[in-house]
Amino acid sequence: MPIIQIFLVIMVLASFVIAYFAARTWHWGHVLVMLGIFLSTLGFFVLTAETLRINAVLRKQVNDLDKQINQVEAKNLALEAGTDDASLIGQLRNEEVRIPEDAERILSLADLDHQLALLTRIRGRVWRDVKPAGFDPQAGTFQIGVEAPTPAGFSPASVVFLFEQGDPALPDPTRGKQYLGEFRVRQATGQQATLEPVLPLDQFEQQRLAKSGGPWVMYESMPMDRHEIFAGKSEEQIRQLIPEQSVGEYLRHGKEAGPDDDEWHRVGVDENDKRVAPDQQAAKTLYQRRLRDYALEFEQLAQQRALLLTDMEGVRQDNQRLAAANESGKKLQAFREDERRRLGIDLAGIQKERRVIEHYLSLLQTELADTREKLAQTLRENSRLVRELAHQQAAGGAAAPIQQASLFALDWAN
């Protein structure tokens, strides 16, 4: 118990003792007045002491708050107007303000706004957390909506580039977030807009767009490839961002160039790693990664994809025509084979009939030869008989008729 409280308790007890002894000689009213005055004075003393204590506590708090306000105002002023005070910069770092470790000065808001304006002008506007609101596969259009900024600031007829929001799934980027394509703002009303593809979408792209439930991120300009994006990142961090088939050139950037590197990947620097002109003597030659124009490359890939799809469609139609021709050829082959089978049957019958006819012809020729032989013998015999008869008749006196008859018989026999 504090001393002041012990003292107060003793004073109260002493006042009761004094009142007790005073009551023997004083009137009880005087004793009550005296006791009331004493207790009131004691209460006033207590209240005065408490007031002084509260005033001291509050004044200390006010002084502390004033000091904190002055410090916060100094920090706010440093953040707003910039500063090179190392102590303020250290305090801001301790409060988790993102300040580079090697920074000797904090830029003012005006300077940062200027840099942001330059970067925004290069990058263009960006809308994040874009939510799809419907897809029309017949017309090839779909609706989107954004919550911020307000107003959204969509420009009708402008071209935008649409990505699925999030990180790609390495080592297979095809399974992660994807680039959806280049689109044109067909209609814009408030926080809503209707987009249509700049190039016609094939079936795969339509299905991918319909299945993508968002959120999306939409760029007014295709993001630019810059060396500064990967400056200061470790090899492990770069491997987490870049696919394995492309990570080599990112890791080699800024290192010694090899003898097999072409002139487009070589850059000369001086002793301070500052780039020198091509006609100046360089202290060393470094490998420089080629920057990519993603808008141009995506457009070229889209054209190549369209050509491949056209070739695939042509090959598919050729395959259909070849399949139809093959089917027709099979039917014709079956018809010809059946015709050949029937002709074979006919040929076998004709050959059989020919053999019969040849056999019958052979018999007829044999019989004809026998008949001719018999006829020749008969004619010879008739000629002999005619001559004998003519001789006999000539001997009897009828020579002329018999001679004419003999000559007729000989002519007929010949």
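The values are calculated or read from the model by the stated rules, or taken from the named source; none is laboratory data. Predicted model, so just to flag it, every value in this text is computed and none were measured. Here the Cβ positions follow ideal geometry from the backbone for every residue, glycine too, while neighbour counts run over all protein chains shown.
The condition (being assigned to a helix (DSSP H, G or I) and either over 28 Å from the mean Cα position of the chain (by Cα) or among the charged types (D, E, K, R) (or both)) is satisfied by just one residue among GLU228, GLU244: GLU228. Of all residue pairs spaced 6 or more apart or on separate chains, none has beta-carbon atoms under 7 Å together with a first member in segment 313-336 that is at negative phi and a second member that is loosely packed, with under 10 Cβ neighbours inside 10 Å. Cβ-Cβ distances below 8 Å connect the following pairs, each with a first residue in segment 379-391 that is surrounded by fewer than 13 Cβ atoms within 10 Å (Cβ to Cβ), a second residue that is among the small types (Gly, Ala, Ser), and a separation of six or more residues or different chains: ARG380/ALA413.
Enumerate the pairs (first residue in segment 149-173 and more than 14 Å from VAL130 (Cα to Cα); second residue anywhere and at pLDDT 90 or above and among the hydrophobic types (A, V, I, L, M, F, W, C)) with beta-carbon separation below 6 Å, excluding pairs fewer than 6 apart on the same chain, so at least 6 apart or on different chains. Sorted first by the residue in segment 149-173, then by its partner, the pairs are PRO156/VAL185; PRO156/ALA188; SER158/VAL185.
Of the residues that make up segment 172-182, is at least one among the hydroxyl-bearing types (Ser, Thr, Tyr) and more than 30 Å from GLN91 (Cα to Cα)? Checked segment 172-182: at least one residue is among the hydroxyl-bearing types (Ser, Thr, Tyr) and more than 30 Å from GLN91 (Cα to Cα). Candidates are the residues of segment 42-86 that are of a type in the set (Gly, Ala, Ser) and closer than 30 Å to GLN5 by Cβ; the one that is modelled with the highest pLDDT is ALA56. Give the residue, chosen from GLU244, GLU249, GLU205, GLU196, that is under 27 Å from LEU308 (Cβ atoms) and touching a Ser or Thr at 6+ places or on another chain (Cβ under 6 Å). Within the list GLU244, GLU249, GLU205, GLU196, the selection yields GLU196. The set of residues in segment 239-272 being under 20 Å from ARG226 (Cβ atoms), aliphatic (A, V, I, L, M) and in contact with a His (Cβ under 9 Å, 6 or more places away or on another chain) is empty. Here GLY248, GLY258, GLY214 are screened, and the one residue that is surrounded by 14 or more Cβ atoms within 10 Å (Cβ to Cβ) and among the small types (Gly, Ala, Ser) is GLY214. The criterion of being without any contact (Cβ under 8 Å) to a residue 60 or more places away in the chain and within 17 Å of PHE298 (Cα to Cα) holds for PRO197.
Across segment 277-305, the qualifying residues are those that are of a type in the set (Asp, Glu) and surrounded by fewer than 13 Cβ atoms within 10 Å (Cβ to Cβ), and the one among them that is farthest from PHE230 (Cα to Cα) is ASP279.
Quick one: would you say LYS274 is surrounded by fewer than 16 Cβ atoms within 10 Å (Cβ to Cβ), free of Cβ contacts under 8 Å to residues at least 12 places away in the same chain and touching a helix residue (DSSP H, G or I) at 6+ places or on another chain (Cβ under 9 Å)? It is false that LYS274 is surrounded by fewer than 16 Cβ atoms within 10 Å (Cβ to Cβ), free of Cβ contacts under 8 Å to residues at least 12 places away in the same chain and touching a helix residue (DSSP H, G or I) at 6+ places or on another chain (Cβ under 9 Å). Among all positions in segment 14-32, there is at least one residue which is in contact (Cβ under 8 Å) with a residue 24 or more places away in the chain and of a type outside the set (Val, Ile, Thr). Inspect all residues belonging to segment 52-65 and state whether any of them is closer than 30 Å to SER108 by Cβ and assigned to a helix (DSSP H, G or I). Yes; the residues of segment 52-65 include at least one that is closer than 30 Å to SER108 by Cβ and assigned to a helix (DSSP H, G or I). For LEU308, the requirement of being out of contact with any helix residue (DSSP H, G or I) (no Cβ under 9 Å at 6 or more places or on another chain), outside any loop (DSSP other than H, G, I, E, B), modelled with pLDDT under 90 and exposed (fewer than 11 other Cβ atoms within 10 Å of the Cβ) is not met. Among the residues of segment 186-207, those that are surrounded by 14 or more Cβ atoms within 10 Å (Cβ to Cβ) and part of a helix (DSSP H, G or I) comprise GLU205, GLN206. The criterion of at least 1 residues that are under 20 Å from the mean Cα position of the chain (by Cα) and at pLDDT below 90 is met by the following strands (runs of 3 or more DSSP E) wholly inside segment 87-185: 126-136, 141-145.
Note on segment 208-222: residues that are part of a helix (DSSP H, G or I) and either within 12 Å of the chain's Cα centre (by Cα) or in contact (Cβ under 8 Å) with a residue 24 or more places away in the chain (or both) amount to 3.
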